[in-house]
Amino acid sequence: MIPEKVMAILKANDLEFHEFPEGTTPTAITAAQMLKVKVGQIAKSILFICKSGRAYLVVCPGDRKVSLSKLKKIAGEKPRLADETTTLQLTGFSPGSVCPFGLLDINIIVDLNLREYDVVFPAAGTSGSAVETNFEELVRITGAKIADVSNPMSQS
């Protein structure tokens, strides 16, 4: 079931969402299969933590990976992937279900490569959900910074 705080944001922004059995969309590939869309349309949200304690949530296409070197240039320090406990503590969501909407004290970066798609699907707070939106709405609702922070899966 989509969390109440996420549902309030979805309704306030008139966003459509999809719900599937819990655990059926924990990866970009499985989410794309359920939604019958390209893997790149899945807007995966991945949390990174820096030594200073600053948190960065990167939202990028499901067929790309976050470039730590590009993120380091933005953060000004080396980021590391947040573990499951930290992700849950800071976002309220488990990895694979992180919704980028309504987060506090987290720097949100939307990868500019999501612009390639007319419709993108971030998670809605469960590993069986997706929000139907577009690049501009995603940036507006999250208050995110737009940056090139990903590489194709075949590159490092």
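Of N113, N134, N13, which has the largest mean-square fluctuation in a 10 Å C-alpha GNM of the chain?
Of N113, N134, N13, the most mobile in the Gaussian network model is N13.
Distance from a point 7 Å along Cα→Cβ of E22 to each backbone N in the stretch 118-155: keep the residues under 20 Å and list them by number.
123-131
Just order 121-133, 64-76 by mean Cβ neighbour count inside 10 Å, highest at the front, would you? Please list the in-between numbers first.
On the way: 121-133: 24.8, 64-76: 16.6.
Going from most to least packed, we get 121-133, 64-76.
Any idea what log10 I(q)/I(0) is at q = 0.12, 0.14, 0.18 Å⁻¹ for the chain, Debye with uniform C-alpha scatterers and no solvent?
Each listed q maps to, in turn, -0.44, -0.61, -1.05.
Indicate, rounded to the nearest 5 percent, the antiparallel portion of the DSSP beta bridges found entirely in the stretch 4-152.
Working: 18 of 27 bridges.
Beta bridges within the stretch 4-152, antiparallel portion: roughly 65 percent.
Okay, helix-only estimate at 222 nm for the chain: each DSSP H run of n ≥ 4 adds -39500 (n - 2.57), divide by all residues, round to 500 deg cm²/dmol; what do you get?
Values: 5 runs with 41 residues, N = 156.
Counting only the DSSP helices, I get -7000 deg cm²/dmol.
Among the listed pairs K36/K73; K44/K70; K38/K73, which are separated by more than 27 Å between their Cα atoms?
Working: K36/K73 35 Å; K44/K70 17 Å; K38/K73 29 Å.
In this structure, K36/K73; K38/K73 exceed 27 Å between Cα atoms.
What list of ³J(HN,Hα) values in whole Hz, one per residue of the stretch 142-148 in order, does the Karplus curve 6.51 cos²θ - 1.76 cosθ + 1.60 (θ = phi - 60°) give from phi, with Gly and Pro shown as x?
7, x, 6, 8, 9, 7, 8
Readers should treat all values here as calculations from the given coordinates under stated rules, not as data from a laboratory. What you are looking at is a predicted structure, and each value in this text was computed from that prediction instead of being measured. Methodologically, a virtual Cβ is constructed for each residue, glycine included, from the backbone with ideal geometry; neighbour enumeration extends over all protein chains shown.
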